[in-house]
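Just below is one structure, and these are the notes that go with it.
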Amino acid sequence: MLRYIARRLLLLIPVILGVALITFTMLYFSPGDPAQMTLGEQAGAEQLEQFRELHGLNDGFFVRFFNYVKNAVLHQDLGLSYRNRQSVFAEVALRFPTTLKLAGLGVLVAVAMGIPIGIISATKQYSLFDSISMIFALVGVSMPNFWQGMLMIIFFSVYLGWFPPSGFTNFNQMVLPSLTIGTSTAAIITRMTRSSMLEVIRQDYIRTARAKGQKESKVITKHALGNAMIPIVTVIGLQFGYLLGGAVLTESIFAIPGVGRLMVDAIKMKDFPIVQGGVLFIAVTFSLVNLIVDILYAFLDPRVRSQYR
Amino acid sequence: MAKNVATASASAPVVADKKRNQWKEVWRRLKQNKMAMLGLGILVFMVIIALSADLLFPKGFDDQMISRRFQLPNSEYWFGTDNLGRGILDRMVHGARVSLSIGLFAVTISIVFGGLLGAMAGFYGGKVDNIIMRSLDVLLAIPSILLAISIVSALGGGLFNVMLAVGISSIPGYARIVRASVITLKGQEFIEAARAIGASDKRIILRHIIPNALAPIIVQGTLGVAGAILSAAGLSFIGLGLAPPNPEWGAMLSGGRQFIRDHWPMTLFPGLAIMITIFALNLLGDGLRDALDPKLRN
C-alpha cells in the first residue's frame, strides 16, 4: 500500500508540471504587454524596462518557464504580483484556507443531505418521498449556483434578515455560501446514492442477510451501504474538485476573500502571476484529493486492497 | 424476446435497414418516457421562440428608455423592465439565441476534438494512447470551470472565445468516454472482419467504430450542452464572458447584481430561464441514457 501511495505521488509530479506549463503557455501568448498594461499608457521607457527586469519578462519562453519551475521547486516562489509586487505564493496561500473551507463545507452539506436522502429514496423506491426528492435533486442539478446564491440573498438577507449577505468569518456568514456551493453536489450525491443503493439491494447477499433474519436497518447500513459507498466516494472526490472551481463564483457573490475572488480580480487587471499561482494551488489540491479517494477505495473495497500488496 | 429475434433476423440482410430500425427503436423507447418528452418539448419550444425572436419581440434586446426603468411585471412587460428600461422578457428571448448557441457550439468543439483524441488513443493504444491520455490527465487536474476561466483570461471575452474556452475545457471528459468505448469495440469480431477484407484504419474508425460508439456520446453531449450553458453563464456572471448589452443569460444576471436589493425581476427571470433549460436538457439526457442502454431493452 505504501509503495502504491509513493508511486502515485511520483506520478503527480508530471501532472503538476503539465498544469504549470499549460497555464504558463496560455498566459505567455495572451495578447498585450503586461508591463504596459500594469503601468499604464504614460509609463516611461525606463519604468517599463525596470518592470520587465523585475518580473523576468525579457527572457525567452523556455528560460522563463525553466526559471518559474526552478524557483517554485527550490524556494516556493511563484513570482511577484504585477500589481503590488507581493509574493504570489504568499498572496495565494493567505487566501487558500478560506477557499478550502468553503469547498469543504460544501461537501459536508452535500454529504449530510445527499446520502441520507438517497438511502431513504432507494429503500422506499417509487414512494412519494422518492418522487419528491428526485424532483428536488433534478432541480438542484439544474440550478446555477450563483443564481441560487442571489435568490438566497434576496430571501434570507434582504427579506427575512436572517443571515448576512457577505463575509465568511462567523457561523452566520457561512450558512448561505455553504448551502449555495453544496446544493448541486447534494443533488448529484442523492442521485448517485439512490442508484448505487438500488443496484446493491437487489444482490443475492442482501437477500441472504434478510433471510437469516437480520434486522432491516442493519441490512441497509451494514451490508448494503458498505458496497454502495464505493461509487459514491468517487463522486464525492470528483465533486470536491468541481467545488474548488465553483468556489470562484460563490466567493464572488458573497464577497468572500478566497483564492477564487483573488483570481477574478487578478484576471481583470491582467495580473497573470496570480492567476497562474491560483490555478496551480487548486490543481495540486484537486490531484491530492483524487489520490486520497483512490486510497479510500482500498479501505472500502477489500478486492482493490488485495491488488496493492 | 422472441419478437426481438424475429425482427433481428428479418432485417439482418439489409444493413441500412437494420440501422434505421435501431434508431426507431430508441425513439420508441424514448417516447414512452414522459419526463424525457417533457424535456424535449421544453427544448423545442425554446428553440422555436429563440429562432423567431425578431418576429415575436421586435423591440430587440437593447431598447433603452430610462423613463420606464425598474417596472415590476405588468401587462406590457410580462417580466418587468431592467435598470435601463429594457423589457426583461425581450432580452431573455434574444438571449436564448446566444445561450443556446454557446451550449451547442461548445459541445460540438468538445465532441469533435475529444472524440478524435479518444478514438485515436483507444484505437492505436500503446504510445499514442499514453501520450494523449497523460496530456489529458493534466487538463483533468484543473477543474473545468477554472480551465475555462484561464482560457478566457488569456484570449479575452467575447462570444467566440467563450465558446472555445467552454468547449476546450470539457474535451478530456469526451476523450475518456470515446476511448473507453473504442477499446471495447476494437476487440469485437466485426472490426476484425473489416480489417480482414482490407479496410484502412481511417475507414474502420469513421465507418465502423464511431457509429457504434455514438450512444454514450449522444447522452454525454445532451448533458454537456447543459454544462456548457452553465459554464458560459458563470463566466459572464463574473464579468469574463460576454459584456453588456449582450443579453446572454449569465450576463443579464451579472447586470442584475447591483440591484439585487431593490429590483428582484432582474435576478429572478434570467436565472429561471437557465434553470428551465438545464432542467429540460437533463431530463432528455437521462431519458436518452435509458433509451440507449442495451441492458434495459424490451
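Taken together, the values in this text are just the output of simple stated rules run on the coordinates, not laboratory data. Remember, predicted model here, so these are calculated numbers, not experimental data. Every residue, glycine among them, receives a Cβ derived from its backbone with ideal geometry; neighbour counts consider all protein chains shown.
Odds and ends about this structure:
- Computed over chain A, the ratio Rg/Rh where both radii use C-alpha atoms and Rh is Kirkwood: 1.07
- Dipole check for chain B: with +1 at the C-beta of Lys and Arg, -1 at the C-beta of Asp and Glu, and the Cα centre as origin, the magnitude is about 900 Debye.
- Relative to one another, the C-alpha centroids of the stretch A:237-309 and the stretch B:131-164 are positioned 15 Å apart.
- Extending 7 Å from the Cα toward the beta-carbon at both residue A:124 and residue A:139 defines two label points whose distance is 1.8 nm.
- Helix B:144-155 axis, angle to chain B major axis (alpha carbon atoms, nearest 10°): 70
- Paramagnetic reach from residue B:27 (point 7 Å along Cα→Cβ, amide N under 19 Å) across the stretch B:217-237: B:218-219, B:222
- A full extension of the chain between residue B:180 and residue B:202 corresponds to an added length of 6.1 nm, given 0.36 nm per residue minus the alpha carbon distance.
- Magnitude of the charge dipole, the protein assembly as shown, Cβ model with Lys/Arg +1 and Asp/Glu -1, debye to 20: 2520
- Chain B, relative contact order in percent, only Cα pairs under 8 angstrom and at least six apart counted: 24
- In this structure, the amide hydrogen of residue A:86, modeled 1.01 Å from its nitrogen in the peptide plane, lies closer than 5 angstrom to those of A:81, counting only residues at least 5 positions away or on a different chain.
- Other residues whose C-beta falls under 14 angstrom from the C-beta of residue A:77 contribute a net charge of +2, scoring Lys and Arg +1 and Asp and Glu -1.
- Seen from a random direction on average, the alpha-carbon convex hull of the stretch B:97-298 projects onto 13.5 square nanometres.
- Taking the stretch B:26-131 and dividing mean pair separation by its residue count, relative contact order in percent (alpha carbons under 8 Å, at least six apart): 19
- Here the Karplus relation 6.51 cos²θ - 1.76 cosθ + 1.60, evaluated at θ = phi - 60°, turns the backbone of the stretch B:218-225 into coupling constants of 4, 4, 5, x, 4, 5, x, 4 Hz, with x for every Gly and Pro.
- Arranged from fewest to most other beta-carbon atoms within 10 Å of their beta carbon, B:217, B:197, B:276 become B:197, B:276, B:217.
- Between A:183, A:122, A:155, the Cα set farthest toward the positive side of the dipole of chain A (charges on each charged residue's Cβ, about the Cα centre) is that of A:122.
- Point-to-point label distance, residue B:127-residue B:48, nm (Cα→Cβ direction, 7 Å offset): 5.7
- For the stretch B:97-298, with +1 on Lys and Arg beta carbons and -1 on Asp and Glu, the positive-most of B:187, B:291, B:101 along the dipole: B:187
- Relative contact order of the stretch A:94-307, pairs being alpha-carbon contacts under 8 Å that are 6 or more residues apart, as %: 27
- For residue B:186, a cut-off of 13 angstrom between C-alpha atoms picks up these aspartates and glutamates, skipping any fewer than 8 places away in its own chain: B:201.
- Peptide-level mean, for B:129-142, of C-beta atoms on other protein chains within 10 Å: 5
- Partner chain coverage, peptide B:261-272 - average Cβ within 10 angstrom: 3
- Centroid-to-centroid separation of the stretch A:4-55 and the stretch A:71-88 [C-alpha atoms, Å]: 10
- Going from the fewest other Cβ atoms within 10 Å to the most, the residues A:297, A:28 appear in the order A:28, A:297.
- Two-site label geometry, residue B:72 and residue A:170: point separation in nm, points 7 Å out along Cα→Cβ: 3.3
- Multiplying the residue separation of residue A:292 and residue A:25 by 0.36 nm and subtracting their alpha-carbon distance yields 93.2 nm.
- Scalar couplings 3J(HN,Hα) for the stretch B:49-65, obtained by applying the Karplus form with A = 6.51, B = -1.76, C = 1.60 to θ = phi - 60°, are 4, 5, 5, 9, 4, 5, 6, 6, 10, x, 5, x, 9, 9, 8, 7, 7 Hz; x denotes Gly and Pro.
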